[in-house]
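Q: My questions all concern the structure below.
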Amino acid sequence: DCVSPPHCTSHQNLFDQASSLCLPPQTIQEMHRDHVPSDRIPHSFHLLGSTDICANQGMVRFHSGSDPVEPVSLDQVHVITTQGHPEFDEPVVTSIIEARAQSGAIDAETAAESKERQYWPTHGIDVIGGVIWRILGVSSS
């Protein structure tokens, strides 16, 4: 799979501060070889969003280990995960699709569907990457 728009949870406002990540048409490149099923989210983590393909698109754990203080801010984040790959751009995705198709890791139908989406604009590097940098305390200026 390539680009999928997310359905967001109540912690969407965590990302709204940093460019409205969960408002359509925000997208991210993703490959679903490994994932944490939504029924296996650790107790102290909160689901960030889902898609029709993958119910767990990301998780967050706040420093308190429980519910965050509202309104949620990036400095409350202790751990954040994404199913998608914010670091993947189109050339990386194209290479992965080609390699997986040639090796038989994905069938021809999946490769064709993925190729239809490989050029869709994404917000992985600029928006999601920006959120990650801000959580780490790095300014994006």
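Just so you know, all these numbers are worked out from the coordinates, no wet-lab data involved. Note that this is a predicted model, so its numbers are computed, not measured. Backbone-built Cβ (ideal geometry, glycine too); neighbour counts: all protein chains shown.
Q: Between Gly58 and residues 5 or more places away or on another chain, which pairs have amide H atoms under 5 Å apart, with H built 1.01 Å from N, and which residues are they?
A: Leu48, Gly49, Gln83
Q: Quote to one decimal, in nm, the extra length available between Ser64 and Ser95 on full extension: 0.36 nm per residue of separation minus the C-alpha distance between them.
A: Roughly 7.1 nm would be gained on extension.
Q: Let me ask you something else. Taking R0 as 22 Å, what FRET efficiency do you get between Ile125 and Ser44 from their Cβ-Cβ distance, rounded to the nearest 0.05? Numbers along the way, then the final one.
A: Values: r = 29 Å, r/R0 = 1.30.
E(calc), rounded to 0.05, equals 0.15.
Q: Ala108 versus Ile53, label points 7 Å from Cα toward the beta carbon: distance in nm?
A: With each label point 7 Å from Cα toward Cβ, the separation is 2.1 nm.
Q: For a quick check: with amide H placed at 1.01 Å from N, whose amide H comes under 5 Å from Ile106's, ignoring anything fewer than 5 positions away on the same chain?
A: Ala101
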